[in-house]
């Protein structure tokens, strides 16, 4: 009898923490803004490649692009500074998670996203998310902080983007 593999969706805090740890380990520190974009790109890539969400959390359309509010709240103490350690995450959800919880597909997604985007600035990534026809562009409403970008639209967008590349 073979076991059916069941894909998992993870708390966005865990995925963000994985990227922060990669940045610290490699000395390529991320800012809050870049962290948001890395998590968004990883989620979109995962949806497109595996057909399953990487995140349990919703992504919202904020002024500077797609945002997971929980990540914003957790990392806002760093402001726009590079995150060089996790000392300020004293009570953050990220500290409760172990990277060992991630399955191989999630690890593959995080590794792929990191390698593809680690040297691209937060501003460049933000500009990319703002392009016409992007899920953010379709859902952003100035002054609103609770407009969810549907996973189906993120998946379709990334599928189109990945097949065009």
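Readers should treat all values here as calculations from the given coordinates under stated rules, not as data from a laboratory. Given the structure is predicted, the values throughout are model-derived calculations rather than measurements. As a convention, Cβ positions derive from the backbone with ideal geometry for all residues, glycine included, and neighbour counts pool all protein chains shown.
Given the condition farther than 18 Å from residue 16 by Cα, out of contact with any strand residue (DSSP E or B) (no Cβ under 9 Å at 6 or more places or on another chain) and surrounded by fewer than 18 Cβ atoms within 10 Å (Cβ to Cβ), answer yes or no: does some residue in the stretch 138-149 qualify? Outline the logic, then answer.
Taking the stretch 138-149 first, the residues farther than 18 Å from residue 16 by Cα are 138-149.
With the extra rule that they be out of contact with any strand residue (DSSP E or B) (no Cβ under 9 Å at 6 or more places or on another chain), the set shrinks to 142-143.
Restricting the remaining residues to those that are surrounded by fewer than 18 Cβ atoms within 10 Å (Cβ to Cβ) gives 142-143.
Looking for residues that are farther than 18 Å from residue 16 by Cα, out of contact with any strand residue (DSSP E or B) (no Cβ under 9 Å at 6 or more places or on another chain) and surrounded by fewer than 18 Cβ atoms within 10 Å (Cβ to Cβ), one finds at least one in the stretch 138-149, hence yes.
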Wholly enclosed helices (runs of 4 or more DSSP H) of the stretch 115-165 bearing at least 3 residues under 30 Å from residue 25 (Cβ atoms) and within 14 Å of the chain's Cα centre (by Cα): 122-129, 151-164
